[in-house]
Amino acid sequence: MTSSSGASRRQVLAVAAAAATAPLLAGAPARAAGATANGPKTWDLTVLGTSDTHGNVYNWDYYRDAEYDDSKQNDVGVAKLATLVNQIRAERKGKATLVLDAGDTIQGTPLATYYAKQEPITASGETHPMANAMNVLKYDAVTLGNHEFNYGLPLLATWISQLGFPALAANAINEKTGKPAFLPYVIKEVRLGGHGAPKLKVGILGLTNPGVAIWDRANVEGRLVFADMIETAATWVPVMRERGADLVIISAHGGDSGTSSYGPELPNENPVALIAEQVPGIDAILFGHAHNEVPEKFVTNKATGEQVLTSEPSKWGQRLTRMDFTLTRVKGRWQVVAKSATTLNTNTVVEDPVVLAAVRGQHAKTVEYVNTVVAQSVEELSTVESRYRDTPILDFINHVQAEVVAAALAGTAYADLPVLSQASPFSRTAVFPAGDVRIRDVAGLYVYDNTLEAVVMTGAEVKAYLEYSAKYFKTWAVGQTIDLANINDPNVPDYNYDVISGLDYDIDIAKPVGQRITRLVLPGTDTPVPADAQFVVAVNNYRRSGGGNFPGIVKTQVYNQQQEIRQLLIDWAQAKGEIRPKDFYVPNWKLVREGVPVF
């Protein structure tokens with residue numbers, strides 16, 4: 001690992017690895033099949049791609065206040081990406097090299113949150129750290145990801161105005177005018193070599209994720225609508241070709257699985273492979289959103305038979321996509337005769353000092369902020385077991401949420417309804433240490449910028465909700481040894497598994513999905529929850545707006561004061577001064593098999 005904090009043993013190894021692999025990074029694109037030294041003259045273009053950087057500039061873990069590290073020795077951050085980009089630019093010695101990003105840039109770390117919440121760039125006049133960092137790299141274009149909309153349209157507009165390159169989102173439509181709310185595409189004219197070399201026009205189309213309409217409904221409803229990514233590509237690719245684009249690249253913030261985390265009422269969340277299959281005229285797609293590493297994948301276009309090159313560079317700046325194109329001219333027109341892609345690991349290089357310098361002050365201010373002590377914990381609380389065992393640390397979230405909602409509804413028509421609360425195990429590694437609990441500890445527990453809402457649900461709706469949540473677990477027969485590390489279905493992310501406080505229930509993981517809530521009773525009793533009973537449910541805005549496609553939760557709120565849940569947790573801890581499980585821990589759910597507790 002490398003960071004501004006000084007060299008480590010891994011830094012020495014990384015420098016050695018970078019030196020050993022440098023020729024590979026600069027490798028010329030493969031000669032077209034059948035071409036010889038006497039064949040048609042060819043030129044080459046390199047396109048570098050990043051995605052889902054999520055507010056990472058330094059190779060730093062703000063939640064641990066330490067150099068970033070994980071089990072696979074990945075590094076993170078735009079400063080690492082910059083070193084690879086600069087290395088490739090230098091190796092190509094002025095040949096055409098474009099740099100693109102596929103979105104989710106200004107959310108995801110305390111650094112990004114600080115300049116959206118504590119000192120928002122809309123009020124402070126500061127340049128956003130991700131603008132400072134990315135401007136050093138001189139990107140050619142960035143696509144807006146769904147998380148770009150998290151902090152509202154004014155902050156998004158301010159960030160875009162600070163960029164030295166265009167921000168694209170062809171399918172984000174102004175609801176009043178019916179026209180694109182952002183720049184749909186750019187056509188970059190590049191010279192393929194030194195002075196006198198021929199020029200190539202590269203069309204770059206940006207597509208954002210239609211899930212924004214659900215996930216950030218409060219920020220975009222009545223202002224923006226989000227068109228289908230496939231239909232939008234089919235509309236704009238011919239326009240770009242007509243306007244002179246010799247090569248067309250899509251930068252798309254959507255995965256390639258063809259599935260959505262929400263219901264069918266919105267366009268597909270992850271349609272990249274479908275775009276490649278169905279829309280003629282596309283040479284390559286850089287994509288993101290799914291946080292996967294896809295070095296190179298070809299998809300056959302059904303209309304033309306052409307092979308569309310696709311690549312996804314993982315997340316957080318851990319990988320850089322490199323696409324190489326070999327082109328020739330036939331009767332005055334450009335033709336692609338070879339193309340390939342790979343991903344490069346940022347742990348092979350040191351951080352770029354210019355990027356570090358551009359963000360140093362903002363990084364230091366964020367580190368100081370997240371190290372602020374908010375309370376004392378009487379014991380260590382951890383999320384290590386929170387996915388499969390009722391733990392105090394998740395009850396801390398639910399207690400605060402329920403308390404805030406109950407206080408807000410006092411004196412209203414809902415004051416007499418029991419208040420339940422929903423929480424997800426966002427992190428498997430979050431810890432409140434015994435002793436000082438800092439802002440970074442709370443931020444590590446609640447890593448998303450969600451706000452608190454509440455709705456009224458019936459007993460039947462609550463049970464259906466819990467049944468849906470329980471699909472998170474694999475089916476484990478009685479007597480079968482449970483592998484705790486793999487207890488869940490890998491297709492269901494941790495953030496789409498919810499526990500609920502305020503009722504007692506059992507989840508029978510020996511039974512099939514849809515039949516697992518075998519006990520749902522009023523707290524401290526054996527009285528089954530009546531189907532027509534009414535409850536207020538405290539819930540985060542992502543879930544209430546349809547994120548995860550949970551049943552019964554997308555309805556009119558009875559509480560919504562736009563309060564950030566993370567800040568409510570910090571405020572509660574600061575007000576109490578001490579975090580004691582006896583103040584909030586109420587074990588109310590457990591995993592069973594045929595009624596026998598798993599633990």
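Here, each number is a calculation from the coordinates, and none is a lab measurement. What you are looking at is a predicted structure, and each value in this text was computed from that prediction instead of being measured. Neighbour counts are summed over all protein chains in view; Cβ atoms, including those assigned to glycine, are modelled from backbone coordinates with ideal geometry.
Can you order the peptides 116-125, 439-448 by their average number of other Cβ atoms within 10 Å per residue, highest first?
With the highest mean Cβ count within 10 Å placed first, the list reads 439-448, 116-125.
Sort 240-246, 532-538 by the packing proxy (mean of other Cβ within 10 Å over each peptide's residues), most packed first.
532-538, 240-246
Add +1 for every Lys or Arg and -1 for every Asp or Glu among the other residues with Cβ under 9 Å from the Cβ of GLU189, and state the total.
That works out to +4.
For LEU183 paired with ALA407, estimate the spin-label separation in nm (one decimal), with each label point 7 Å from Cα along the Cα-to-Cβ line.
4.6 nm
Excluding same-chain residues fewer than 8 positions from LYS95, which aspartates and glutamates have a Cα within less than 18 Å of its Cα?
Correct list for LYS95: ASP44, ASP140, GLU189, ASP246, ASP324.
Which lysines have a Cα lying under 21 Å from the Cα of LYS511, excluding residues fewer than 8 positions away in the same chain?
In chain and number order, the partners are LYS463, LYS471, LYS474, LYS590.
A 28 angstrom limit on the alpha carbon distance is what I want to check against. Which of LYS179/LYS201; LYS176/LYS201; LYS80/LYS339; LYS80/LYS188; LYS201/LYS302; LYS93/LYS201 exceed it?
Flagged as over cut-off: LYS176/LYS201.
Could you tell me, in Å, what Rg and Dmax come out for the Cα atoms of the range 225-313?
Cα-based Rg and Dmax for the range 225-313 come out at 12.6, 38 Å.
Take every Cα pair under 8 Å in the range 164-262 that's 6+ residues apart, average their separations, divide by the length, and report that relative contact order as a whole percent.
For the range 164-262, the relative contact order is 30 percent.
With a point put 7 Å past each Cα toward its Cβ, work out how far ARG428 is from VAL384 in nm, to one decimal.
For ARG428 paired with VAL384, the spin-label model returns 1.3 nm.
Would you calculate the separation in nanometres between label points at GLU296 and ASP69, each defined as 7 Å from the Cα along the Cα-to-beta-carbon direction?
Result for the modelled spin labels: 3.4 nm.
At R0 = 35 Å, how high is the FRET efficiency between ALA485 and ASP571 if r is their beta carbon distance? Nearest 0.05 is fine.
0.50
Can you tell me, using C-alpha contacts under 8 Å and at least 6 residues apart, the relative contact order of the chain as a whole percent?
On the way: 1388 pairs, mean separation 87.9, N = 599.
The normalised contact order for the chain reaches 15 percent.
With every atom except the alpha carbons ignored, what do you get for Rg and Dmax of the range 97-181, in angstroms?
12.9, 38
So for the range 39-147, averaging the separation of alpha carbon pairs under 8 Å that are six or more residues apart and normalising by length, what relative contact order in percent results?
After rounding, I find 34 percent.
Tell me, what ³J(HN,Hα) does each residue in the range 365-374 have, in order and in whole Hz, if you take phi through Karplus 6.51 cos²θ - 1.76 cosθ + 1.60 with θ = phi - 60° and put x for Gly and Pro?
Result, rounded to whole Hz: 5, 5, 4, 4, 5, 6, 8, 5, 7, 10.
Work through the residues other than LYS201 whose Cβ is under 14 Å from its Cβ and net out their charges, Lys, Arg +1 and Asp, Glu -1.
Around LYS201, the surrounding residues sum to +2.
Using alpha carbon centroids, what distance separates the range 324-368 and the range 373-418, in Å?
For the range 324-368 versus the range 373-418, the Cα centre distance is 43 Å.
Kindly provide log₁₀ I(q)/I(0) values, in the same order as q = 0.05, 0.06, 0.10, 0.12 Å⁻¹, from the Debye equation applied to equal alpha-carbon scatterers of the chain.
Rounded to two decimals, the profile gives -0.24, -0.34, -0.91, -1.25.
Run through the range 44-97 and list the trypsin sites (Lys or Arg not before Pro) located in a DSSP loop whose Cβ has at most 10 other Cβ atoms within 10 Å.
Passing both the DSSP loop test and the Cβ count: LYS72, LYS93.
Roughly speaking, what is the centre-to-centre gap between the range 201-220 and the range 244-276 when only Cα atoms are used, to the nearest Å?
The two parts, judged by their Cα centres, are 11 Å apart.
Between GLN162 and ALA460, take the C-beta separation as r, use R0 = 35 Å, and let me know the FRET efficiency to the nearest 0.05.
0.10
Could you sort the peptides 496-502, 109-115 by per-residue average Cβ neighbour count (10 Å cutoff), highest mean leading?
Per-residue mean Cβ counts within 10 Å order the peptides as 109-115, 496-502.
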